[in-house]
1. Which is without any contact (Cβ under 8 Å) to a residue 12 or more places away in the chain and either within 21 Å of W256 (Cα to Cα) or not β-branched (V, I, T) (or both), of E333, E307, E294?
2. Go through (1) touching a residue at least 60 places away in the same chain (Cβ under 8 Å); (2) closer than 28 Å to I397 by Cβ for P273 and report which single condition fails.
3. Quick one: S286 ticks every box in (1) open to solvent by 40 Å² or more (accessible area, probe 1.4 Å); (2) without any contact (Cβ under 8 Å) to a residue 60 or more places away in the chain; (3) within 24 Å of A208 (Cβ to Cβ); (4) under 28 Å from the mean Cα position of the chain (by Cα) bar one, so which box is it?
4. So L695 ticks every box in (1) over 15 Å from M65 (Cα atoms); (2) out of contact with any Leu (no Cβ under 8 Å at 6 or more places or on another chain); (3) open to solvent by 10 Å² or more (accessible area, probe 1.4 Å); (4) outside any loop (DSSP other than H, G, I, E, B) but one. Which box is left unticked?
5. Taking the stretch 74-112 as the search range and keeping residues that are touching a Leu at 6+ places or on another chain (Cβ under 8 Å) and part of a strand (DSSP E or B), which one is farthest from D719 (Cα to Cα)?
6. Look at D522 and say whether it is open to solvent by 20 Å² or more (accessible area, probe 1.4 Å), at pLDDT 95 or above and not basic (K, R).
7. Kindly indicate which of S554, S529, S539, S547 is at pLDDT 95 or above, outside any loop (DSSP other than H, G, I, E, B) and either buried (at least 24 other Cβ atoms within 10 Å of the Cβ) or of a type in the set (S, T, Y) (or both).
8. Just one of (1) of a type outside the set (D, E); (2) in contact with a Pro (Cβ under 9 Å, 6 or more places away or on another chain); (3) open to solvent by 40 Å² or more (accessible area, probe 1.4 Å) trips up G510, so point out which.
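The values are calculated or read from the model by the stated rules, or taken from the named source; none is laboratory data. The shown structure was predicted, so the numbers you read here are calculated from the model rather than taken from an experiment. Ideal geometry is used to build each Cβ from the backbone, glycine not excepted, and the neighbour counts take in all protein chains shown. Ligands, DNA and RNA are stripped out before the accessible areas are found, and what is left, the full protein with its side chains, is counted by its heavy atoms. Shrake-Rupley method; radii C 1.70, N 1.55, O 1.52, S 1.80 Å.
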Amino acid sequence: MRMQSHRASKGVSFVNLVQQLVFLPAVVLSSVGASASITVRASSSSSEAAAVRMSQSEPPPPPPMAKKVEHKMEMFGDVRVDNYYWLRDDSRSNPDVLSYLQQENAYTQFLMSGTKKFEDELYAEIRGRIKEDDISAPERKGPYYYYRRTLKGKEYVQRCRRLIPNFEAEAPPSVYDTMPTGPDAPPEHVILDENIKAQHHDYYSIAAFKVSPNNKLVAYAEDTKGNEIYTIHVIDAETGAPVGLPLVDATSYLQWAGDEALVYITMDETLRPDKAWLHKLGTEQSSDSCLYHEKDDMFSLDLQASESKKFLFVGSESKITRFNFYLDIAKLEDGLVVLTPRVNGIDTFVSHRGNHFFIMRRSDKCFNSEVIACPLENTSETTVLLPHRESVKIQDIQLFSDHLVVYEREEGLPKVTIYHLPDVGQPLKSLHGGQAVNFLDPTYSLDRSESEFSSRILRFSYSSMKTPPSVYDYDMKTGISVLKKIETVVGGFEASNYVTERKWASAPDGTQIPISIVYRKDLIKLDGSDPLLLYGYGSYEVCIDPSFKASRLSLLDHGFIYAIAHIRGGGEMGRQWYENGKLLKKKNTFTDFIACAEYLIEKKYCSKARLCIDGRSAGGLLIGAVLNMRPDLFKAAVAGVPFVDVLTTMLDPTIPLTTSEWEEWGDPRKEEFYFYMKSYSPVDNVKAQNYPNILVTAGLNDPRVMYSEPAKFVAKLRDMKTDKNIIMFKCEFGAGHSSKSGRFEKLQEDAFIYTFIMKALDMVPAQGSGLN
């Protein structure tokens with residue numbers, strides 16, 4: 001099944017609809033009294049009912065116009081007026097606010113009602129590409145294979161396991177091992193069915209699922225609101241019976257400390273992970289011992305287990321500094337011990353093998369990191385195993401009993417290099433002659449997977465924009481690689497029909513910015529007439545590697561080009577790439593993105609009239625900033641859960657993430673940062689000018705970007721813009737930062753966004769149909 005190209009179609013006209021709406025009188029929302037005090041569950045249905053009434057009425061309704069309540073903020077002699085500050089309600093229960101959000105949702109639903117048939121068909125096509133009943137690549141852990149199963153028509157997964165036939169603890173695993181599934185195979189056991197757990201929740205997510213070392217118990221972290229505040233449950237892996245009472249108000253950081261204890265992390269009132277706890281099974285949470293309390297509000301805690309499973313590591317990090325403690329699982333009574341001390345500007349990530357700790361260390365001098373090792377009994381005695389290199393960034397390390405796997409980046413592409421280690425007890429020296437794993441696509445994505453420490457089998461997941469996610473087992477001794485699982489794409493998908501490219505755009509300062517591109521070669525003209533969707537992020541040193549997304553095929557098969565701008569602020573090209581897109585260099589992120597857009601236009605991948613842009617969270621900040629800077633460059637924009645009220649948020653230390661992110665964006669309590677951040681903060685820079693068509697989304701329970709930021713952005717745009725284009729705002733009442741939780745619900749969101757984009761480009765057929 002594929003979507004026919006309708007590049008020349010003239011159907012439901014977005015502009016005509018907007019012109020009907022724009023000349024109607026504005027509605028100013030005011031207090032709606034007790035009638036708007038409703039439950040969250042009822043909110044979406046109320047919006048739907050309102051939308052039905054609106055769609056049946058004539059003439060079409062005006063866009064919601066939020067009331068103005070003057071709120072002045074002054075600093076350094078500068079006065080800012082925020083007329084929409086009232087939209088922030090930390091309790092998410094204010095009747096005025098909920099009423100406004102409902103009216104926005106109803107208005108959005110009305111605007112999209114004319115293309116609902118097309119959207120539904122598009123969703124059916126996207127869903128039709130998925131093999132709904134499937135299993136993940138089984139992972140060996142002790143005597144079991146563990147895997148996830150999806151069922152036809154079900155939103156969530158089952159967590160399963162199956163015994164390994166004739167298991168012998170001493171028998172080495174092989175890349176050729178397969179899990180038997182026939183009638184003579186050991187039976188499948190469902191440990192946890194998320195579909196049952198999710199039945200009474202609008203949102204459901206399990207962020208950690210940890211099996212005890214003896215495989216008898218499972219601990220998992222559950223979020224039922226989308227606010228990323230987790231409840232930890234422990235169950236019997238065979239019976240599913242609860243073991244003790246749940247641990248509440250936790251993060252998803254969770255590890256077993258032997259078979260009878262857990263270590264987990266909780267948060268303070270600003271949702272900053274600040275305390276590490278030891279919980280012994282069978283005891284009350286109130287009696288748990290606090291292993292460490294991080295009182296510096298610039299730092300947050302995390303938790304990892306060594307691949308050897310002999311140590312747990314509690315890390316405390318800011319944006320530029322990280323130090324670590326270790327907990328010897330065999331000596332829990334000793335508590336946490338400092339492994340790498342706190343030194344400003346030095347990042348350390350740690351692991352263990354034999355009688356050594358292995359440390360990945362970054363500093364101002366070694367900005368792309370080095371790998372060192374130290375004896376367990378003398379952590380100050382270090383040996384450099386892999387030195388710092390200016391052209392290669394060490395991104396991660398993974399240890400095995402006989403090997404060290406190093407994940408690197410060179411020229412923006414991920415690499416894997418494997419080093420054989422001397423026997424435990426032998427001296428560790430500088431490592432040379434690593435074995436590289438080779439990949440074919442010009443641009444691709446690579447993710448490490450959990451592997452058995454005592455084996456020589458490395459597992460990783462590989463994909464590109466035309467290669468579905470593929471799980472490989474790689475024998476580090478022989479170099480043999482075996483494909484264990486490739487995501488099935490139903491409907492005759494052929495990777496050879498698609499082309500991936502890597503191009504470079506010149507930023508205003510001459511820096512070369514990589515762009516990853518994919519398109520269907522039999523549909524694209526490359527004469528400037530093709531529609532193009534450009535995605536960007538560019539923050540937190542996050543690498544947006546080009547990976548596969550099955551739903552994106554519905555854009556490509558409709559004649560779209562899809563591109564990713566690997567802009568500064570991300571980590572694709574090394575640590576300096578990140579440093580040059582943060583703090584007082586943040587505007588490089590935005591000008592890089594604009595340069596990529598201009599390059600794509602210049603090289604006739606698209607034109608201004610066919611260029612759409614997309615970004616989420618900090619990528620939504622990017623979208624907001626470039627819309628203010630160059631609104632003429634784009635036809636449509638999607639800003640998902642966008643961080644757009646930068647200055648006001650970063651001045652308020654009571655808001656989650658504020659204090660810990662002063663090293664990312666700057667501390668606006670200092671004058672230089674205040675005025676620099678004000679110069680690009682999207683809410684502060686909306687002006688009377690023409691803007692393209694814009695879709696903005698939010699999650700009411702989002703703890704990372706409060707729903708009020710995108711709400712204020714939309715309200716101010718509506719008040720000030722001078723064009724007749726549309727602005728739509730969709731706030732999910734039962735979701736957080738990652739939108740809805742069900743797998744089909746996420747596909748519905750993709751279909752909605754793609755329909756908006758095609759509608760903005762006037763590519764929706766007149767009857768809202770045309771999908772084959």
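1. E333
2. Here P273 clears every test but (1).
3. Among (1) open to solvent by 40 Å² or more (accessible area, probe 1.4 Å); (2) without any contact (Cβ under 8 Å) to a residue 60 or more places away in the chain; (3) within 24 Å of A208 (Cβ to Cβ); (4) under 28 Å from the mean Cα position of the chain (by Cα), the lone unmet condition for S286 is (4).
4. Only one criterion is unmet by L695, namely (3).
5. By that ranking, first place goes to M75.
6. yes
7. S554
8. Checking G510 against (1) of a type outside the set (D, E); (2) in contact with a Pro (Cβ under 9 Å, 6 or more places away or on another chain); (3) open to solvent by 40 Å² or more (accessible area, probe 1.4 Å), the one that fails is (2).
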